[in-house]
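Peer 1: To start, I am sharing the structure in question, which I have written as structure tokens.
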Amino acid sequence: QVQLVESGGGLVQPGGSLRLSCTASGSMFSIFHMRWHRQAPGKQREWVADITSGGGTSHAEAVKGRFTISRDNAKNTVYLQMNSLKPEDTGVYYCYAYWGGQNYWGQGTQVTVSS
């Protein structure tokens, strides 16, 4: 069983930055592929970014060039650096871990982009 705890959300003005963190329990973090998803009010959850156990990354078109996913295996943590934030980036951001037949979700952290 893996527990994921997100942090770093908050209220930010358009054009601002936030860095989200997701810390995992246990000793197997390095083998998990990690993802960030988000869910805006009244919308379906959508994929934001992905990082493999080997460090390969991919980002959704809507955030490419503004958001960057990274990981620190020594700290059991995956990050999402979010720059040039827009009001449409508002939502709950969820961390997701998967490997083999296992998958786990965090509880989410709220990001609100508003002036």
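Peer 1: Give me a count of the residues in segment 1-52 that are part of a strand (DSSP E or B) and among the hydroxyl-bearing types (S, T, Y).
Peer 2: 3
Peer 1: All but one of (1) over 11 Å from the mean Cα position of the chain (by Cα); (2) free of Cβ contacts under 8 Å to residues at least 40 places away in the same chain; (3) open to solvent by 50 Å² or more (accessible area, probe 1.4 Å) hold for K75, so report the exception by its number.
Peer 2: Checking K75 against (1) over 11 Å from the mean Cα position of the chain (by Cα); (2) free of Cβ contacts under 8 Å to residues at least 40 places away in the same chain; (3) open to solvent by 50 Å² or more (accessible area, probe 1.4 Å), the one that fails is (2).
Peer 1: Could you list, in sequence order, the residues of segment 6-44 that are aliphatic (A, V, I, L, M), out of contact with any Leu (no Cβ under 6 Å at 6 or more places or on another chain) and either under 13 Å from V92 (Cα atoms) or open to solvent by 40 Å² or more (accessible area, probe 1.4 Å) (or both)?
Peer 2: Within segment 6-44, the first condition is being aliphatic (A, V, I, L, M), and the residues that meet it are 11-12, 18, 20, 24, 28, 31, 34, 40.
Next, from what is left, pick out any that are out of contact with any Leu (no Cβ under 6 Å at 6 or more places or on another chain): 11, 18, 28, 31, 34, 40.
Selection gives L11, M28, I31, A40.
Peer 1: Let me ask you something else. Name the residue, out of K86, K43, that is in contact with a Pro (Cβ under 7 Å, 6 or more places away or on another chain), modelled with pLDDT of 95 or more and of a type in the set (D, E, K, R).
Peer 2: Answer to the selection: K86.
Peer 1: When the residues of segment 100-111 are filtered to those that are assigned to a strand (DSSP E or B) and either without any contact (Cβ under 8 Å) to a residue 24 or more places away in the chain or closer than 15 Å to K43 by Cβ (or both), which remaining residue is least open to solvent (accessible area, probe 1.4 Å)?
Peer 2: V111
Peer 1: Taking segment 58-72 as the search range and keeping residues that are among the β-branched types (V, I, T) and in a strand (DSSP E or B), which one is most open to solvent (accessible area, probe 1.4 Å)?
Peer 2: Among residues in segment 58-72 that are among the β-branched types (V, I, T) and in a strand (DSSP E or B), the one most open to solvent (accessible area, probe 1.4 Å) is T68.
Peer 1: Can you find even one residue in segment 87-99 that is of a type in the set (F, W, Y), assigned to a strand (DSSP E or B) and either without any contact (Cβ under 8 Å) to a residue 40 or more places away in the chain or out of contact with any Lys or Arg (no Cβ under 9 Å at 6 or more places or on another chain) (or both)?
Peer 2: Scanning segment 87-99, I find at least one residue that is of a type in the set (F, W, Y), assigned to a strand (DSSP E or B) and either without any contact (Cβ under 8 Å) to a residue 40 or more places away in the chain or out of contact with any Lys or Arg (no Cβ under 9 Å at 6 or more places or on another chain) (or both), so the answer is yes.
Peer 1: Report, ordered by the first and then the second residue, all pairs with beta carbons closer than 8 Å, sequence separation of six or more or different chains, a first member in segment 31-55 that is at negative phi, and a second member that is open to solvent by 80 Å² or more (accessible area, probe 1.4 Å) and in a loop (DSSP other than H, G, I, E, B).
Peer 2: H37/R45; R38/R45; Q39/R45
The values are calculated or read from the model by the stated rules, or taken from the named source; none is laboratory data. Remember, it's a predicted structure, so these values are computed and weren't measured experimentally. When we count neighbours, we look across all protein chains shown, and the Cβ atoms used for this are built from the backbone with ideal geometry, even at glycine. Side chains included, ligands, DNA and RNA excluded: accessible areas come from the protein's heavy atoms. Shrake-Rupley method; radii C 1.70, N 1.55, O 1.52, S 1.80 Å.
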